[in-house]
1. Output the number of the condition that ARG101 fails; it satisfies all remaining conditions of (1) in contact with a Phe, Trp or Tyr (Cβ under 9 Å, 6 or more places away or on another chain); (2) basic (Lys, Arg); (3) closer than 20 Å to MET10 by Cα.
2. Just to be sure I understand, how many residues within the stretch 97-134 are free of Cβ contacts under 8 Å to residues at least 24 places away in the same chain and closer than 13 Å to GLY73 by Cα?
3. Looking at SER72 and the list (1) of a type in the set (Ser, Thr, Tyr); (2) in a loop (DSSP other than H, G, I, E, B); (3) over 21 Å from THR2 (Cα atoms); (4) modelled with pLDDT of 85 or more, which single condition is not satisfied?
4. Quick check on GLY27: is it on the phi > 0 side of the Ramachandran plot, modelled with pLDDT under 80 and not hydroxyl-bearing (Ser, Thr, Tyr)?
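The values are calculated or read from the model by the stated rules, or taken from the named source; none is laboratory data. Here the structure is a predicted model, which means the values were calculated and not measured. Reconstructed Cβ throughout: ideal geometry from the backbone, glycine too, with neighbour counts over all protein chains shown.
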Amino acid sequence: MTPRAIVEMMTQMVYAAGKWEDLMKDGELEWIIYNQYLQYVVWYWLMFHSPPRHTKEMNPPLHTQLDPCVGSGRFLLVATEMMPKANLVLFGIEINLALYRSCLVNMATFSNHPYSIICADTLRIDPKWSGPSSKMWDLGNQWTPPDMSIFYFQPSPIGPKNFSLKAFTEIQKEP
């Protein structure tokens, strides 16, 4: 467990002590995130015929925080405590089921911001699935997490373009 003082110091360093203007100079990223949020709300409405209850209305500028080894959610909770009125969306990944569930309880109890916590192996997630609008995050916040291996990096199968039998046979065997 990271001591709270270190968590607070690191969070302040990341967010430049709350100076959002320094973080988003051109404003393009915040509009991309906001549009993705709106797309999610529309998708949720179409799928479930009701507004999402796990989110709150967001207005730009939006900011995201990802904790790839979230544990019990300490970094995300300190961020939500330090910036209770900021438009912040929290993301977390945890491989251990007990810690994942602990984080869900902590986030549901103490977070003021929308969040998505998934139970997966951070090191194996394919980068094309890691964006805030990817379908992977729609599977978050479930007490019994679904299988996330479909979002893991899969090496391309060995074929004639990426394997040479001649080079393989010429490898010198150690004596």
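1. Of (1) in contact with a Phe, Trp or Tyr (Cβ under 9 Å, 6 or more places away or on another chain); (2) basic (Lys, Arg); (3) closer than 20 Å to MET10 by Cα, only one is false for ARG101: (3).
2. Number satisfying all stated conditions: 4.
3. (3)
4. Here the answer is yes, as GLY27 does meet what is asked.
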